[in-house]
1. Just wondering, is there one or more residues in region 59-67 that are buried (at least 20 other Cβ atoms within 10 Å of the Cβ), polar (S, T, N, Q) and modelled with pLDDT of 95 or more?
2. Just wondering, is there one or more residues in region 22-39 that are more than 15 Å from residue 94 (Cα to Cα), within 21 Å of the chain's Cα centre (by Cα), surrounded by 12 or more Cβ atoms within 10 Å (Cβ to Cβ) and modelled with pLDDT of 95 or more?
3. Taking the criterion of being at pLDDT 95 or above, assigned to a helix (DSSP H, G or I) and more than 19 Å from the chain's Cα centre (by Cα), would at least one residue in region 280-287 satisfy it?
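The values are calculated or read from the model by the stated rules, or taken from the named source; none is laboratory data. The structure presented is a predicted model; accordingly, all values stated were derived computationally and were not measured. Cβ sites come from the backbone with ideal geometry, for glycine too, and all protein chains shown count toward neighbours.
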Amino acid sequence: MQSLQGVGVGLKHQHFQEFIDNKPDVSWLEVHTENFFSQDSTASKYLAKISQDYAISAHCVGMSLGSSATNCKVREQHLQKIKNTIAWLQPSLVSDHLSWSASADGHYLPDLLPIPFTEEALTVVVQNINHAQDVLQRQILIENPASYLTYLDSPIAEWQFLSSLVEETGCGLLLDVNNIYVSGHNHGFDSLEYLQNIPLSAVKEIHLAGFSIDNIEGKEIYIDSHGHKVYDGVWQLYEQAIKRFGALPTLIEWDTNVPELSVLLAEKAKAEVIITRVESASNVPVCYD
């Protein structure tokens, strides 16, 4: 298991052969765990080769940590599959989302649905995180969501909810800067205030991605689509995040309309420039976590 440092990119099947043949200069790679449940699959065989040269972060989409369903055999089976996958892959970090997933015909659907920020929901998520960490025998990171609607009954601020999860479970946080920017625009909250209220020691990884813009009933809505370059406003917020949290492992996330690898590497270089600029301005080396 290698520790993560610097800026990584999401590993997509379109780029498997390029990573094997050319070994591009990338510090680490992130994979969606559910794509590699079978070690005998072609994708897993590629990943086994690639992981010999790159540290890996495992990002899950199906733990459904916000679900209130109890004694759910589907989720238990899913956790066991994740456990088996990380046993052979040995990722440096394991993460999932602050959300819940609907199920149908014995299968969870990878829809990351929002949860209300209430005391009742907090109790449910704490129980689910504790259980997941017990099964996996390791800390997991929780990613903050992008959201477009809010519940009428949601009295706890999102950053307070996340902070409580950290305090009560010992989990870490995967801070998605794009999601903060998107949700801040959609709901009118101050993204910098959000950053300032996230506990320093909890953040272990950062995500950057592009969003799309839609118009719904005359209102401009940002959509976390992961299919574009990172917007200028997100880069600016990322710089503030690096100033606060240090040069944590940062991922360039791009899941739809996947471009040539060179495009991801160019985005990676932008993040590295920001890290260097923050380090130079402080005259103190930025510590890698």
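1. For region 59-67, residues buried (at least 20 other Cβ atoms within 10 Å of the Cβ), polar (S, T, N, Q) and modelled with pLDDT of 95 or more: absent.
2. Restricting attention to region 22-39, the residues satisfying the condition of being more than 15 Å from residue 94 (Cα to Cα) are 22-27, 38-39.
So of that shortlist, the ones also within 21 Å of the chain's Cα centre (by Cα) come out as 26-27.
Filter once more, so that each one left must be surrounded by 12 or more Cβ atoms within 10 Å (Cβ to Cβ): 26-27.
With modelled with pLDDT of 95 or more added as a condition, the list becomes 26.
Checked region 22-39: at least one residue is more than 15 Å from residue 94 (Cα to Cα), within 21 Å of the chain's Cα centre (by Cα), surrounded by 12 or more Cβ atoms within 10 Å (Cβ to Cβ) and modelled with pLDDT of 95 or more.
3. Narrowing region 280-287 to residues at pLDDT 95 or above: none.
Checking region 280-287: not a single residue is at pLDDT 95 or above, assigned to a helix (DSSP H, G or I) and more than 19 Å from the chain's Cα centre (by Cα).
A quick yes/no check of all residues on (1) small (Gly, Ala, Ser); (2) within 18 Å of the chain's Cα centre (by Cα); (3) over 19 Å from residue 54 (Cβ atoms):
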| site | (1), (2), (3) |
| --- | --- |
| 218 | yes, no, yes |
| 223 | no, yes, yes |
| 226 | no, yes, yes |
| 237 | no, yes, yes |
| 242 | no, yes, yes |
| 257 | no, no, yes |
| 267 | no, yes, no |
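Yes or no, residue by residue, for (1) free of Cβ contacts under 8 Å to residues at least 40 places away in the same chain; (2) touching a strand residue (DSSP E or B) at 6+ places or on another chain (Cβ under 9 Å); (3) closer than 22 Å to residue 123 by Cα:
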residue: 28; (1), (2), (3): no, yes, no
residue: 38; (1), (2), (3): yes, no, no
residue: 45; (1), (2), (3): yes, no, no
residue: 64; (1), (2), (3): no, yes, yes
residue: 68; (1), (2), (3): no, yes, yes
residue: 83; (1), (2), (3): no, no, no
residue: 99; (1), (2), (3): no, yes, yes
